[in-house]
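**Q** Below is one structure. I have some questions about it.
The values are calculated or read from the model by the stated rules, or taken from the named source; none is laboratory data. It should be emphasised that the depicted structure is a prediction, and the values quoted were computed from it without experimental measurement. Cβ sites come from the backbone with ideal geometry, for glycine too, and all protein chains shown count toward neighbours. The protein model used for the area step is the full one, side chains on, heavy atoms only, and it has no ligands, DNA or RNA in it. Shrake-Rupley method; radii C 1.70, N 1.55, O 1.52, S 1.80 Å.
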2 protein chains.
Amino acid sequence: MQLNNIFLHHVYFWLNNPGSEEDLKALLLGLKKLATVETIDQYHIGLPAPTRREVIESSYAVSWLAIFKTAANQDSYQVDPIHLDFIKECSHFWSKVIVFDSIDAAV
Amino acid sequence: MQLNNIFLHHVYFWLNNPGSEEDLKALLLGLKKLATVETIDQYHIGLPAPTRREVIESSYAVSWLAIFKTAANQDSYQVDPIHLDFIKECSHFWSKVIVFDSIDAAV
């Protein structure tokens, strides 16, 4: 089934302490709380799959996919107090973050 | 709603001819055909959103998200004739591809 009329916000986190199970767990719990932002339609909290090929980036620690029904809902999420709290409480866990925002291609 | 029990395969493509609307369209149509692989549960064909912040990677041309119900379904997709045809017919359109595969985090 084709997903359409959505705004995809996919974030990949690299940990400050890559070996720390404790930090990983704390970040995952932070995301679980972040997921309560009302304008999020669907979300997935992920870890790297064990797949390995040259084109696969598997060095990240956590994947956070948030799907919104509109770009405006994503804008609202960015300034939602729950999101701001998440950044305040969890940003020390990560050393790097990459965000890919995508909208529908007309196809 | 939390997405669970899924395998996320998210691919980002950079075009060989970044300015070519024709190549972009051909790649999008190739993905539309690729989407007919039977083991794909849901998919999204995307373009970069107009959001711009330091952490946002917006230099890619096309986003391809395929959601599978199992890792085995993704394995099967990798060797599906439709996927192999896609690579044969479309790989000359891209200069770079990055793949992020993710599975559920237990949270």
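**Q** Against the definition (surrounded by 20 or more Cβ atoms within 10 Å (Cβ to Cβ) and either touching a residue at least 60 places away in the same chain (Cβ under 8 Å) or under 23 Å from A:Ile45 (Cα atoms) (or both)), how does B:Ile45 come out, yes or no?
**A** yes
**Q** Still on this structure, I have one more. Please go through the stretch B:72-87 and pick out each residue that is touching a Phe, Trp or Tyr at 6+ places or on another chain (Cβ under 9 Å) and of a type in the set (Phe, Trp, Tyr).
**A** Within the stretch B:72-87, just B:Tyr77 meets the criteria.
**Q** Could you list, in sequence order, all residues of the stretch A:68-91 that are at the interface with another protein chain (Cβ under 9 Å from one of its Cβ atoms) and touching a residue at least 12 places away in the same chain (Cβ under 8 Å)?
**A** The answer is A:Ala71, A:Gln74.
**Q** Could I ask something else about it? Pick from the stretch B:1-19 the residues that are open to solvent by less than 30 Å² (accessible area, probe 1.4 Å) and in a loop (DSSP other than H, G, I, E, B): which of them is nearest to the other protein chains (Cβ to nearest Cβ)?
**A** In this case the residue turns out to be B:Leu3.
**Q** Another question about this same structure. Residue check: is A:Leu65 within 11 Å of chain B (Cβ to nearest Cβ) and within 30 Å of B:Leu29 (Cβ to Cβ)?
**A** yes
**Q** A further question on this structure: Of the residues that sit in the stretch B:20-40 and are surrounded by fewer than 18 Cβ atoms within 10 Å (Cβ to Cβ) and facing chain A (nearest Cβ under 7 Å), which one is nearest to the chain's Cα centre (by Cα)?
**A** Looking at residues that are surrounded by fewer than 18 Cβ atoms within 10 Å (Cβ to Cβ) and facing chain A (nearest Cβ under 7 Å), I get B:Lys32.
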